[in-house]
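Below is one structure, written out as structure tokens, with a few remarks after it.
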Amino acid sequence: MQGERLKKSVRDRYGRIAQTEGSCCGSTPGCYSGIDQARDVARKNGYSDEDLNALPDRVNLGLGCGNPVALASLREGETVLDLGSGPGFDCLLAARRVGARGHVIGVDMTPEMVFRAREHAEEAEITNVEFRLGEIEHLPVADSSVDVIISNCVINLAIDKGQVFREAFRVLKPGGRLLISDIVLLSPLPECVRGSVDAYTGCISGAMLKQDFVDAVKKAGFQHVEIRKEVPFSLEYVISDPSTSSPVTRRILTEDGIGGTEKSIASIHLFGRKETNS
Ligand SMILES: C[S@@+](CC[C@H](N)C(=O)[O-])C[C@H]1O[C@@H](n2cnc3c(N)ncnc32)[C@H](O)[C@@H]1O
């Protein structure tokens, strides 16, 4: 029940973010303080100016914590699945890389996000992409049907992470690759942060310990699992987001909680492969 309530909070929060219109200007929930800041977040996460200029500004809401597309070495003609595709930024970049013979599927459980991502694809005139409404714990995708799975700052929000990795393994073709950018913990969070719903929907308190994350991916059947990049994750991204910056959350995150010990949180890029004989 607790899990279902958290899932609803996640859906409500990202539904509100998806409905922030147009430029994300001003202090609208979830959109930092405008296009420039969302671009800044994206640059820090590893996107190039070429990536940012390739799509309309409103596609990038600055919601990621890395750039899985950059590390996926996508090839023309590949089928790509994005777990928790949000406004579709990574899907649209991936669609450009795989070309007309390739295909990209974004899955997200928040109807407003799916609606917005479809609008973005139309606006950018990108046709080799589709967005499906669904949970990443129960992927609306056929067995062994995709070449590459990407995901950006989503798995920390899932209630049953083991099930997400098992589903990812199921839908990946033998020989397929998994590229995840996500938040992990380097040490356990204080109790007050662990119990905060805002910190959960803000991608902090649902994060797994780094080694547990790696072990869960391996347990689902992936091989060659490795962390290819690890960088500290700044809490600035969470507490500057108006939808999680209630005075209580600010206090929990800064004074009482992990303030000053941001070293407990990192953003990782994880690689895994499904063996050809799987
Ligand atoms: C932090 S945003 C990241 C969005 C996108 N990956 C990006 O980088 O812009 C998290 C997204 O994951 C979606 N999400 C969270 N939990 C999910 C789940 N269990 N199944 C499907 N989508 C989920 C949310 O609706 C939201 O759009």
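The values are calculated or read from the model by the stated rules, or taken from the named source; none is laboratory data. The model shown is predicted, which means the values in this text are computed figures rather than measured ones. Note that each Cβ is placed from the backbone with ideal geometry, even for glycine, and that neighbours are counted across all protein chains shown.
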| query | If the Cβ limit is 8 Å and pairs must be 6+ apart or interchain, which residue in segment 124-143 that is more than 17 Å from Leu172 (Cα to Cα) pairs with which residue that is away from the ligand (no atom under 15 Å from the Cβ) and among the β-branched types (Val, Ile, Thr)? | reply | Asn128/Val98
| field | Top-ranked residue of segment 186-212 - restricted to ones that are at pLDDT 95 or above and assigned to a helix (DSSP H, G or I), ranked as surrounded by the fewest Cβ atoms within 10 Å (Cβ to Cβ) | value | Gln211
| task | Among the residues of segment 77-107, write down those that are within 11 Å of the ligand (Cβ to nearest atom), in contact (Cβ under 8 Å) with a residue 40 or more places away in the chain and not in a helix (DSSP H, G or I). | result | Asp82, Leu83, Gly84, Ser85, Gly86, Pro87, Gly88
| task | Could you grab me the full set of residues in segment 108-135 that are in a strand (DSSP E or B) and more than 11 Å from the ligand (Cβ to nearest atom)? | result | Val129, Glu130
| message | Against the definition (modelled with pLDDT of 95 or more, out of contact with any Gly (no Cβ under 9 Å at 6 or more places or on another chain) and within 14 Å of the ligand (Cβ to nearest atom)), how does Leu52 come out, yes or no? | response | no
| query | Somewhere in segment 165-185, is a residue over 19 Å from Val148 (Cβ atoms), within 16 Å of the ligand (Cβ to nearest atom), surrounded by fewer than 17 Cβ atoms within 10 Å (Cβ to Cβ) and over 16 Å from the mean Cα position of the chain (by Cα)? | reply | no
| note | Cβ pairs under 7 Å, 6+ apart or interchain, first in segment 151-165 and at positive phi, second among the aliphatic types (A, V, I, L, M) and within 7 Å of the ligand (Cβ to nearest atom), ordered by first then second residue, are Cys153/Leu63
| remark: The lone condition Val146 fails out of (1) within 18 Å of Gly221 (Cβ to Cβ); (2) within 8 Å of the ligand (Cβ to nearest atom); (3) among the β-branched types (Val, Ile, Thr) is (2)
